[in-house]
Amino acid sequence: MRTRLPSGVLAFAVPVLTACTPGSATVAAQPSTEPAAASGPSVHRPWTQMTRGERIDFMITTVLPKMKAELAAFDGKRFARVDCATCHGDSAARGEFSLPNPRLPALSEADDFARHRKLTPEMTTFMLERMEPDMAALLGLQPFDRTTRLGFGCFDCHKQARAPEAAPPRPPAP
């Protein structure tokens with residue numbers, strides 16, 4: 001699903017997107033043009049109930065700092081710079097935050113990610129045990145369940161590698 005920025009929110013989007021472009025030193029929260037939740041910005045509503053403006057604000061003020069810290073703690077050199085494009089790709093600079101990102105490694109779920117556990121064991125463990133559950137929790141979503149094939153998981157950000165042994169396709173995200 002491609003998400004395009006409506007022209008009516010360009011005044012809001014330009015500062016936000018500028019803050020999320022590669023090379024930006026800091027990411028500053030910009031006020032949303034859409035109404036905030038009645039309970040205030042410190043109360044987290046599930047991702048599926050947020051407006052586009054609330055999602056952008058939430059990504060900038062909550063998700064990005066948390067994931068930036070986790071990635072830097074995991075590998076500070078590799079993740080010295082973490083911004084919107086890290087997960088969403090180059091299209092983030094255009095206001096397109098669609099996922100999965102084709103620039104992230106395509107993953108094969110076969111044999112519990114055996115290929116990835118062999119090639120990049122630390123990264124695979126980190127992603128499965130830290131990033132996936134933490135992102136699900138931040139977004140107010142259930143973590144991916146391999147039995148039901150529902151919930152937030154690897155293939156919300158990564159493309160699925162096509163191989164004969166690949167797991168069955170997931171239903172589309174809400």
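The values are calculated or read from the model by the stated rules, or taken from the named source; none is laboratory data. These numbers come from a predicted model, not from an experiment. Every residue, glycine as well, gets a Cβ built from its backbone with ideal geometry; the counts of neighbours run over all protein chains shown.
Brief remarks on what is shown
- Scanning the stretch 134-157 for residues that are part of a helix (DSSP H, G or I) and buried (at least 16 other Cβ atoms within 10 Å of the Cβ) yields M135, A136, L138, L139, C154, F155, D156.
- Screening L139, L119 for residues that are modelled with pLDDT under 90 and not small (G, A, S) leaves exactly one candidate, L139.
- Test: residue in the stretch 72-91 that is of a type in the set (D, E), at pLDDT 90 or above, outside any helix (DSSP H, G or I) and under 20 Å from T120 (Cβ atoms): yes
- Among residues of the stretch 92-129 being surrounded by fewer than 17 Cβ atoms within 10 Å (Cβ to Cβ) and outside any helix (DSSP H, G or I), the one that is nearest to the chain's Cα centre (by Cα) is S98.
- A110 being more than 18 Å from A161 (Cα to Cα) and out of contact with any Gly (no Cβ under 9 Å at 6 or more places or on another chain): no
- Matching residues, the stretch 90-107, being in contact with a Ser or Thr (Cβ under 9 Å, 6 or more places away or on another chain) and within 18 Å of R52 (Cα to Cα): S91, A92, A93, G95, E96, F97, S98
- Top-ranked residue in the stretch 40-71 [being surrounded by 14 or more Cβ atoms within 10 Å (Cβ to Cβ) and not in a helix (DSSP H, G or I); ranked as modelled with the lowest pLDDT]: P41
- For the stretch 108-142, the tally of residues that are farther than 22 Å from R55 by Cα and aliphatic (A, V, I, L, M) stands at 6.
- Residues in the stretch 75-90 that are touching a helix residue (DSSP H, G or I) at 6+ places or on another chain (Cβ under 8 Å) and crowded, with 16+ Cβ neighbours inside 10 Å: F79, V82, D83, C84, A85, T86, C87.
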